[in-house]
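J.: For reference, the structure I am asking about is given below.
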Amino acid sequence: MASARQSPSGWPTRPPRRPSRAAAAVEEIRRYAAESLGLPDNRSYTAYADLQRPAAVWNVFATPELSLELKTCATGAGCAGYRGYFRARRRRGDGRRTGGRRLRRERRAVPAYSTLGWFDDPLLNTFIYAPDVELARLVFHELSHQVVYARDDTVFNESFATAVEREGVRRWLAATATSASGRPGPLHDAAG
């Protein structure tokens, strides 16, 4: 039996479970997202793509020393607190200097991203084998970007998606605990 490879997030990128089982879990998560959270019921996360790499993108964050201000701009996409690349290798000049100021730079592997509803976001090898709760978290987060996206405001966009993700997972766990046992689960009891 082949061993599972790990993504930068620590999730396996190769099966401990069959892709059909993971896809079935995502189908249930998508149904819950649409019916209970009001998230888009579209074709996102219905098709699989193997990127042949451990991350969907690598985001580079750059900021002046001793600053919390993050900003890079791209034509069409507006400004964001990061710049994404499809390859992990270092980009020449990215995060080194802007306007004569030296920048601090950090690169992070990202397992998924949202195309904001412009395209059907696929199930990727970078996250499909994650535990169900992580799949739910990721799907709720990325689908929420299709609902609300404020151009040039990364902090708002990520805060909104994270709030939807966290509340969605809390509700989903309570609902799945209830449906599995026929009675409310411990998270449901704690939430009231």
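J.: Which members of the range 144-156 meet the condition of being in contact (Cβ under 8 Å) with a residue 40 or more places away in the chain and out of contact with any Lys or Arg (no Cβ under 9 Å at 6 or more places or on another chain)?
T.: Those that are in contact (Cβ under 8 Å) with a residue 40 or more places away in the chain and out of contact with any Lys or Arg (no Cβ under 9 Å at 6 or more places or on another chain): Ser144, Gln146, Val147, Arg151, Val155.
J.: Here is a further query. When Ala2 is evaluated against the numbered criteria (1) at pLDDT 60 or above; (2) aliphatic (A, V, I, L, M); (3) over 30 Å from Glu106 (Cα atoms), which criterion, by number, is the only one it fails?
T.: Among (1) at pLDDT 60 or above; (2) aliphatic (A, V, I, L, M); (3) over 30 Å from Glu106 (Cα atoms), the lone unmet condition for Ala2 is (1).
J.: Sticking with this one: Among what's in the range 141-155 and is surrounded by 15 or more Cβ atoms within 10 Å (Cβ to Cβ) and among the hydrophobic types (A, V, I, L, M, F, W, C), pick the residue that is farthest from the chain's Cα centre (by Cα).
T.: Val147
The values are calculated or read from the model by the stated rules, or taken from the named source; none is laboratory data. Only a predicted model underlies this, so the values are computations on that prediction, with no experimental measurement involved. Cβ: placed from backbone, ideal geometry, glycine included. Neighbour counts: every protein chain shown.
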